[in-house]
Amino acid sequence: NSIRILHDKCTKCGICIKKCLYNAIDLTDNKIEVNGNCNYCGSCREACRHGAISIERAGVLQANDITAFKGVWVFAEQKSGVLGSAVIELLGEGGRLAEALGVELSAVLVGHNVGPMVEALSAYGADRVYIVDNPRLENYNDELYSAVVCDIISRYMPEIFLIASTSIGCSLAPRMASRLGTGLTADCVSLDIDIESRRLIQTRPAFGGNLMASIICPYHRPQMCTIKPRVMKAVSPDYLRRAEVIAPRVVIPGAVNASVIDIIKDAGQRVNLSEADIIVSAGRGMEEPRNLEMIYELAGVLGASVGGSRAIVDAGWLDYRCQIGQTGKTVRPKVYFACGISGAIQHLAGITASKLIVAINSDPDAPIFKVSHLGIVGDVKKIIPAFINEFNKGGG
Ligand code: FAD
């Protein structure tokens, strides 16, 4: 990268000095100069009213190259022939972005015998489906999937590429971004478009969830981001829609460093937390791991799934897959029981879309009561057994 002050245009107004967050611009010997603190962010160039700053970035697409990228794409994650539930949420959001930009919405479907999933992708909004069907792609593989998807992207050049923040998505997205030489924003919670510049405004929690950061990718394409499942809204399906299907010829790499030998199904809880209608969630207020028995009992009575705060996951009381919140799962149940959970902002980030939040906490000032619809001030060890009793009687 290089930055140059065009002294014939510079009026030494000093706006660039004020705008620079890195103290990288000085006025020395009556001349504006850039020092070694510069990270080429471009805020000085944007602020300069005289066009007196020029930045050249290595490997960066110029504005006219960027305009060659068109369309919004969604990675259609599937496992064993079943489409990931987050894909329809991505299609809903992708459709909204595509409409704003006046372009088509496409899905990329990779796997083996995946043809039957095209119907659902069309119904949920895809105008076009790029499909790569090969026995070697039957199970997800980082190297093969990233090579195949990047190959298609390089040929068809979408401007936006959306991936769900699932374990597959979180593994695939950074590999792809690095291969394509573009940026990636992880775990977005909202997206918007700046119509004039066609930039994707990617918003995600930052600094431990204490503020929301809006991130742009101005100089590279595609603009890539991962999105937490259950954050975006799916649209209603229209089974009369028919997407155009394209089966590009791709070269699947021969040798790979890792391959799937066997798949052992998780014998843990049957319902995925992200899809559960009722969740009973435990926090440090449960006091000790053996008290989680009553959480499991209540969940059993209600047919609910069990979740928890990071505090008890970190303490080893519960598996990480049960963690709810900013660095865990985002949930949208009909009823969420928060038992002995304080309601830290990072936990709330994962539960605010719940229809009914029932909180039990001994501290009447606990922040969880600010978001709960029903709050019970008391000891979980007394309230939960009373709940179990009532629900067993068919009451409540
Ligand atoms: P505590 O905050 O210790 O709260 C325990 C609560 O139980 C208290 O309110 C107390 O009044 C109550 N209590 C105590 N005894 C009883 C009793 N007998 N009966 C009833 N109530 C009782 N946290 C998450 O949950 N999910 C995340 O994804 C997450 N991500 C994070 C990411 C970052 C970057 C950071 C910095 C933090 C993150 N955290 C996350 C941690 C978060 O800040 C909190 O520390 C955590 O949520 C606290 O868990 P807790 O509510 O179980 O524990």
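The values are calculated or read from the model by the stated rules, or taken from the named source; none is laboratory data. These figures come from a predicted structure and were not determined experimentally. Backbone-built Cβ (ideal geometry, glycine too); neighbour counts: all protein chains shown. With ligands, DNA and RNA removed, areas are computed over all heavy atoms of the protein, side chains included. Shrake-Rupley method; radii C 1.70, N 1.55, O 1.52, S 1.80 Å.
Residues Val301, Val358, ordered by accessible area of protein heavy atoms at a 1.4 angstrom probe radius and largest first, appear as Val301, Val358.
Under the rule of at least 5 residues apart or a separate chain, name every residue whose amide H is placed under 5 Å from the amide H of Ala107. Here Val74, Arg128, Val129, Tyr130 satisfy the definition. Of Arg198, Arg155, Arg128, the residue with the greatest mean-square motion in the GNM of the chain, using alpha carbon springs below 10 Å, is Arg155. Size descriptors for segment 25-64 (Cα atoms only): Rg and Dmax, in that order, 11.8, 37 Å. Across segment 91-208, counting alpha-carbon atoms alone, Rg and Dmax equal 14.7, 43 Å.
Compactness ratio for segment 35-171: Cα radius of gyration over 2.2 N^0.38 Å (N = residue count) comes to 1.30. Hull volume per residue, based on the alpha-carbon atoms of the chain and their convex hull, is 186 Å³. With a threshold of 31 Å on the Cα-Cα distance, the over-threshold entries among Lys79/Lys329; Lys18/Lys228; Lys329/Lys370; Lys334/Lys382 are Lys18/Lys228. Each residue, Leu211 and Asp363, gets one label point 7 Å from its Cα in the Cβ direction; the gap between the two is 2.6 nm. With q set to 0.13, 0.18, 0.22, 0.27 Å⁻¹, the log10 of I(q)/I(0) for segment 316-396, from the Debye formula over equal scatterers at the Cα positions, is -0.42, -0.79, -1.10, -1.31. Taking Cα centroids, how far is segment 203-261 from segment 22-60 in Å? With segment 203-261 and segment 22-60 each reduced to a Cα centre, they are spaced 34 Å. Estimated from the Cβ-Cβ distance and a Förster radius of 35 angstrom, the FRET efficiency linking Ser154 and Ser80 is about 0.75. Of the accessible area of segment 238-338, with the probe set at 1.4 angstrom, what percent is carbon plus sulfur? That share works out to 51 percent.
Accessible surface calculations at 1.4 Å, restricted to protein heavy atoms, place the chain at 51 Å² per residue. Specify whether the C-alpha gyration tensor of segment 169-212 places it in the rounded, prolate or oblate class, a ≥ b ≥ c being the square roots of the eigenvalues: rounded for a/c under 1.5, otherwise prolate if a/b is larger than b/c and oblate if not. Note, shape of segment 169-212 comes out oblate. For segment 150-294, the Kirkwood estimate of hydrodynamic radius, built from reciprocal distances between every pair of different alpha carbons, is 19.2 Å. Using a Gaussian network model of the chain in which every pair of alpha carbons under 10 angstrom is joined by a spring, one finds that among Asp262, Asp319, Asp29 the greatest mean-square fluctuation is at Asp29. Largest mean-square fluctuation among Cys188, Cys44, Cys170, in a Gaussian network model of the chain whose springs join Cα atoms under 10 Å apart, belongs to Cys44. Listed values for segment 169-184 are Karplus-derived 3J(HN,Hα) couplings in whole Hz (6.51 cos²θ - 1.76 cosθ + 1.60, θ = phi - 60°), namely x, 5, 8, 6, 4, x, 4, 5, 4, 5, 5, 7, x, 10, x, 8, and x replaces Gly and Pro. Please give the Cα centre distance for segment 83-107 versus segment 291-369, rounded to the nearest Å. Answer, in whole Å: 31.
In terms of overall dimensions, the C-alpha atoms belonging to segment 279-363 reach 30, 28, 27 Å along their principal axes, ordered largest to smallest. Here's the list of aspartates and glutamates a cross-link from Lys12 could span, going by alpha-carbon distance under 17 Å and ignoring same-chain residues fewer than 8 apart: Asp26, Asp29, Glu33, Glu46.
If you sort Glu119, Glu93 by accessible surface, 1.4 Å probe, largest first, the order is Glu119, Glu93. Accessible-area rank, largest first, for His7, His347, His220: His7, His220, His347, with all protein chains present and a 1.4 angstrom probe. With the largest listed first and rounded to whole Å, the semi-axes of the equivalent ellipsoid of segment 327-373 from the Cα gyration tensor are 16, 12, 8. Rounded to whole Å, the principal axis extents of the Cα atoms in segment 350-396 read 30, 23, 14, largest first.
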